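Since every read-out is calculated from the coordinates, none of them should be taken as a lab result. Source: prediction; values computed, not measured. Because the Cβ atoms are built from the backbone with ideal geometry, glycine has one as well, and the counts that use them run over all protein chains shown.
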Amino acid sequence: MSDLNALLHSRSFVELGARQRVAALLDRGSLRELLDPFARIKSPWLEAQGIVAQADDGVVVAKGTLGGRPAVVAAIEGNFQGGSLGEVGGAKIAGALELAAEDNRNGIPTCAVLLLETGGVRLQEANLGLAAIAEVQAAIVELRQYQPVIGVVAGPVGCFGGMSIAAALCSHLLVTREARLGLNGPQVIEQEAGLDEYDSRDRPFIWSLTGGEQRFACGLVDAYVADDVVAIHDRLLAILEQPGEALPRSRQYARFLDLLGRYDAVPQADAAAVRALYQGDQA
Amino acid sequence: METLSFEFPAGQPARQRAQVGCVGSGDLEVLLEPGPAGRLNIQVVTSVNGSAERWRHLFERMFAGANPPALNVDIHDFGATPGVVRLRLEQALEEVSNV
């Protein structure tokens with residue numbers, strides 16, 4: 001990155017909104033949005049609770065091509081209600097993935113890319129949101145039998161809660177340095193474990209444990225890329241070109257359970273100890 | 001949360017629709033669609049109560065006597081300042097006029 005020209009002309013992916021991100025990835029002219037904002041399929045639950053709803057419920061779904069391959073891309077808008085996933089947004093993503101699986105059974109090799117900026121379930125929609133996330137997870141597992149389902153966590157929201165499980169089920173997972181990935185968000189952990197254990201305002205500490213670089217070093221994600229539209233696009237195409245034959249991470253649970261079984265929870269965890277644990281060279 | 005309606009005289013219908021912005025903190029979402037000739041209808045859903053006068057002044061400054069295109073405008077506001085509202089509206093109007 002010492003090339004000044006490259007730095008001056010790079011375009012941040014993190015700074016783009018959900019709709020712009022989808023447009024930046026799909027082949028030019030191929031994008032067709034499904035249930036766009038003018039369809040006005042928004043949350044029926046938020047306005048009853050005095051919260052202004054967004055016309056697309058914070059989820060953008062589009063079909064198109066990626067390097068000439070049929071693809072569906074779904075993006076969560078992190079700026080709307082913290083990227084929380086409710087009944088409608090969840091159903092949009094699950095439905096898109098189910099249709100992609102249907103395509104594959106009909107001989108059309110549709111792959112999927114999920115752009116995840118989400119704190120997880122939308123608490124105002126409670127069980128309906130949780131059910132929608134379960135449907136998304138089931139649809140990922142179904143589609144990944146046929147074609148890659150690539151998760152991208154770019155930041156700045158990160159990916160937490162039930163959607164972090166959805167991310168872990170993806171056949172490939174791609175992160176930037178801005179990304180964070182974890183089951184519970186920092187404030188939830190601080191509230192449960194106490195300030196001494198986990199200070200949610202200590203940003204270097206939070207990123208050292210849940211940030212993209214750390215997750216990559218621990219082997220919990222497959223690719224660590226710069227926050228750059230071209231770099232992310234090229235890496236997606238490279239994965240689609242050569243998806244590899246590796247067992248999905250969620251099928252490697254025996255290895256992960258063995259590693260976690262060796263973890264000593266008494267001393268305060270730090271980034272180096274966690275890396276060593278996942279890399280399997282610590283007793 | 002409040003829902004407000006406004007109407008202004010307008011010219012011919014716009015030729016296309018546009019969506020800009022996001023219902024994020026201090027921002028708003030604007031949806032423009034071609035409306036019946038001669039009328040600009042605006043519906044605002046805002047998280048800020050008691051702000052009807054401010055919206056009316058802002059729209060009057062932008063649209064009164066300006067012969068805007070005929071549109072149905074939907075605004076979903078999450079506490080945007082008048083400056084941000086005006087920028088978003090101008091952005092959306094520019095998109096519907098770029099045929």
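Peptide packing for A:88-101, A:194-207 was compared via the average number of neighbouring C-beta atoms within 10 Å per residue; ordered from the highest value, the list is A:88-101, A:194-207.
Here the residues B:Ser97, B:Ser5, ranked from fewest to most Cβ neighbours within 10 Å of their Cβ, fall in the order B:Ser5, B:Ser97.
Here the protein assembly as shown is treated with +1 on each Lys and Arg Cβ and -1 on each Asp and Glu Cβ, and its dipole about the Cα centre works out to around 700 debye. Model label points for A:Ala134 and B:Glu2, set 7 angstrom from Cα along the Cα-to-Cβ axis, are 4.2 nm apart.
Along the charge dipole of the stretch B:2-97, pointing to its positive end and built from +1/-1 on Cβ of Lys, Arg, Asp and Glu, which listed residue (B:Cys22, B:Gln43, B:Ala10) has its Cα farthest out? Comparing the listed Cα positions along the dipole, B:Ala10 ranks first. Could you tell me which residue out of A:Leu209, A:Ala75, A:Gln187 lies farthest along the dipole of chain A toward its positive end? Charges go on the beta carbon: Lys and Arg +1, Asp and Glu -1, centred on the Cα centre. Going by the Cα projections, it comes out as A:Ala75.
Counting DSSP beta bridges with both partners in chain A, what percentage is antiparallel, nearest 5?
The antiparallel proportion sits near 40 percent.
Normalised size of the protein assembly as shown, defined as Cα radius of gyration per 2.2 N^0.38 Å with N residues, equals 1.07. Partner shielding of B:19-32 amounts to 5, given as the average count of beta-carbon atoms from other chains within 10 Å of each residue beta-carbon. Dipole size of the stretch B:2-97 about its Cα centre, with +1 on Lys/Arg Cβ and -1 on Asp/Glu Cβ: approximately 220 debye, rounded to the nearest 20. Here each label is just a point 7 Å from Cα along the line to Cβ, and for A:Gln187 and A:Arg262 those points are 3.7 nm apart.
Partner shielding of B:72-83 amounts to 2, given as the average count of beta-carbon atoms from other chains within 10 Å of each residue beta-carbon. Between the residues A:Phe38, A:Gly244, B:Thr81, the greatest Cα displacement towards the positive end of the dipole of the protein assembly as shown, with unit charges on the Cβ of Lys, Arg, Asp and Glu, is found for A:Phe38.
Note that the stretch B:2-97 shows a convex hull volume over its alpha carbon atoms of 74 Å³ per residue. Here the peptides B:59-72, A:10-23, A:170-183 are ranked by packing, the mean other Cβ count within 10 Å, and the order with the highest first is A:170-183, A:10-23, B:59-72.
Give me A:Tyr146, A:Tyr253 ranked fewest to most by other Cβ atoms within 10 Å of their Cβ, as a rough exposure proxy.
Ascending Cβ contact count within 10 Å gives the list A:Tyr253, A:Tyr146.
Taking the alpha carbon gyration tensor of the stretch A:164-221, multiplying each eigenvalue by 5 and rooting it gives semi-axes of 22, 13, 8 Å, largest first.
Helices meeting the span-like rule in chain A (full DSSP H runs, Cα extent of at least 24 Å along the helix axis, mean Kyte-Doolittle score of 0.0 or higher): A:126-143.
Of the peptides A:60-71, B:84-95, A:25-36, A:76-87, the order by per-residue mean of other Cβ atoms within 10 Å, starting with the highest, comes out as A:76-87, A:60-71, B:84-95, A:25-36.
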